[in-house]
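Contents: one structure, followed by commentary.
The values are calculated or read from the model by the stated rules, or taken from the named source; none is laboratory data. Fair warning: this is a prediction, and the values are worked out from it, not measured in the lab. Cβ placement follows ideal geometry from the backbone for every residue including glycine, while neighbour counts extend to all protein chains displayed.
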Amino acid sequence: MSRVHYTEVIQSVVEILGVDAVVTLGNVRVEVWELEPGLDTRFPTKPTLYTTRTGGTTKTNPFFTNDFGQVEFYTNPGRYEIELVDQVTPKRIVDRVGSGCVGWSAVAGDHNHTLPDSRLVVTASLTDLSVTTPKLADTAVTTPKITDAAVTTPKLGDTQVTPPKLDTELAVDLGVTQGSTKRRGSAINSAEVTRSSAAAYGLFSAPDLVSGVVLPADGLLLIQYSAEVKTSGADPYAAIFLGANQLKAASQSSAAPIIAEAQIVGSGYQKLVSWAGGLISRLHFSAGVGITHPTYSGDVTTGQAVSVDQVNEFSDFATTGGYSLLVGGGFCVVEAAAGTYDVSVQFKAASGTITARNRRLRVIAMGF
């Protein structure tokens, strides 16, 4: 009986600069099954495949395509089903198994087939700087559209992947603003500003305020603040507010959360920063002397931690050197119900004026 020759190239169609192109696919698993005569059921044993039309050298079944995507074997005439399963993750073509396998009625002769399939964008299809804003629909950049490691830095045009092009879920997770949906913002005020004392909290004329921040369900607000503050009268207080609500925090001294605020103590400018518990300013309490502070000279621009320390010398410090030290700084991470928030830092003092400079408020709303 003359054997039948089957040859095929497994390939995929990709887009290169808007033009379809064909690439061959290696490492695709190929398995051949023979159907019983007049039936659509398979023989329980896979058929024998050969490497040549004559001779006894067999070919493994299943086998895998080479780098050129080649499928080639000889077998006896009959009715066959050929299954194709891509071994690469993510898959470059849809698995052809079960009812989706390739049917083949093998009669004497040579048979050449091609199977163009998926249209995935892969690295080879992109020239450097080719991914530009006009090529991307809004919210188009989603995970299933890109093969692993396909879009590398050289492939992106400068300033081209803008927030509106990101998938909404990705933008929420990153805390990226899209259109009118604000997920991050800042209020940077370096100039010195003064407000009169007041018993209630309030804002400066140039406020520390980031308004309209959208917090998703189960999300977190990341709030960072830094400023230099002084007073002409009573020690001022500062606190973070979400809308009209002052931030609260758990405390060992109370069964319920208490308001979180920082007292700014000392003559001249003092440093105020955010930390895990809200806001904190530097403090040095010396036994027998009381609170002592040098006036803060100002931040450096060569790299400075967003932090302060608080030192409390024990009553027997002179003999034992005992003291406690608290270092605070960084983001204040806040949980709240989903919604739109105006995030601010506000001040109050019982007397005199409050003056501040170099105020920096940064807010990010992130999803998880």
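Only one of Phe314, Phe347 is modelled with pLDDT of 95 or more, over 30 Å from Thr168 (Cα atoms) and of a type in the set (Phe, Trp, Tyr); which?
Phe347
Six or more apart or on different chains, Cβ atoms under 7 Å: show the pairs whose first residue is in the stretch 7-27 and over 18 Å from Val85 (Cβ atoms) and of a type in the set (Val, Ile, Thr) and whose second is surrounded by fewer than 18 Cβ atoms within 10 Å (Cβ to Cβ) and at pLDDT 80 or above.
Short answer, once both residue conditions are applied: Thr7/Glu72; Val14/Val23.
Every residue, every condition in (1) outside the structural domain of Val213 (by TED's automatic domain parsing); (2) under 17 Å from Val327 (Cα atoms); (3) out of contact with any Cys (no Cβ under 7 Å at 6 or more places or on another chain); (4) hydroxyl-bearing (Ser, Thr, Tyr), yes or no:
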residue	(1), (2), (3), (4)
Gln246	no, no, yes, no
Ala249	no, no, yes, no
Ala260	no, yes, yes, no
Val265	no, yes, yes, no
Tyr269	no, no, yes, yes
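If a residue has to be more than 22 Å from the chain's Cα centre (by Cα) and touching a residue at least 40 places away in the same chain (Cβ under 8 Å) to count, how many in the stretch 213-253 make the cut?
21
Out of the residues in the stretch 75-106 that are over 17 Å from Arg29 (Cα atoms) and in contact with a Leu (Cβ under 8 Å, 6 or more places away or on another chain), which is surrounded by the fewest Cβ atoms within 10 Å (Cβ to Cβ)?
Restricting to residues being over 17 Å from Arg29 (Cα atoms) and in contact with a Leu (Cβ under 8 Å, 6 or more places away or on another chain), the top hit is Gly78.
Just need a number here: residues in the stretch 190-225 that are touching an Asp or Glu at 6+ places or on another chain (Cβ under 8 Å) and within 22 Å of Gln263 (Cα to Cα).
Residues in the stretch 190-225 being touching an Asp or Glu at 6+ places or on another chain (Cβ under 8 Å) and within 22 Å of Gln263 (Cα to Cα): 2 in total.
Where residues in the stretch 266-311 are part of a loop (DSSP other than H, G, I, E, B) and of a type in the set (S, T, N, Q), which of them is modelled with the lowest pLDDT? Working first, answer last.
In the first step, residues of the stretch 266-311 are kept if they are part of a loop (DSSP other than H, G, I, E, B); the result is 266-269, 276-277, 282, 287-289, 292-306.
Retained after the next criterion (residues that are of a type in the set (S, T, N, Q)): 267, 292, 295, 297, 301-302, 304.
Details: Ser267: 78, Thr292: 62, Thr295: 87, Ser297: 89, Thr301: 92, Thr302: 95, Gln304: 92.
Per the stated criteria, the residue is Thr292.
Only one of Val30, Val4 is surrounded by 13 or more Cβ atoms within 10 Å (Cβ to Cβ), out of contact with any His (no Cβ under 9 Å at 6 or more places or on another chain), closer than 17 Å to Trp104 by Cβ and hydrophobic (A, V, I, L, M, F, W, C). Can you tell me which? Outline the logic, then answer.
Numbers: Val4 fails: out of contact with any His (no Cβ under 9 Å at 6 or more places or on another chain).
The match here is Val30.
Thr168 is checked against (1) among the hydroxyl-bearing types (Ser, Thr, Tyr); (2) within 30 Å of Ala238 (Cβ to Cβ); (3) surrounded by 14 or more Cβ atoms within 10 Å (Cβ to Cβ) and fails just one. What number does that condition carry?
Result: Thr168 passes all but (2).
Could you say which residue among Ser196, Ser186, Ser211 is of a type outside the set (A, V, I, L, M) and at pLDDT below 95? Please lay out each step first, then the result.
On the way: Ser186 fails: at pLDDT below 95; Ser211 fails: at pLDDT below 95.
Among Ser196, Ser186, Ser211, only Ser196 is of a type outside the set (A, V, I, L, M) and at pLDDT below 95.
Determine whether the stretch 60-77 contains at least one residue that is part of a loop (DSSP other than H, G, I, E, B), of a type in the set (Val, Ile, Thr) and assigned by TED's automatic domain parsing to the domain that holds Ser105. It would help to see each step written out before you state the result.
Filtering the stretch 60-77 down to residues part of a loop (DSSP other than H, G, I, E, B) leaves 60-62, 65-69, 76-77.
If we keep only those that are of a type in the set (Val, Ile, Thr) too, we end up with 60, 65.
If we keep only those that are assigned by TED's automatic domain parsing to the domain that holds Ser105 as well, we get 60, 65.
Yes - at least one qualifying residue is present in the stretch 60-77.
Out of the stretch 317-344, which residues are modelled with pLDDT of 90 or more, surrounded by 16 or more Cβ atoms within 10 Å (Cβ to Cβ) and either of a type in the set (Val, Ile, Thr) or in a strand (DSSP E or B) (or both)?
Of everything in the stretch 317-344, those that are modelled with pLDDT of 90 or more, surrounded by 16 or more Cβ atoms within 10 Å (Cβ to Cβ) and either of a type in the set (Val, Ile, Thr) or in a strand (DSSP E or B) (or both) turn out to be Cys332, Val334, Tyr341, Val343, Ser344.
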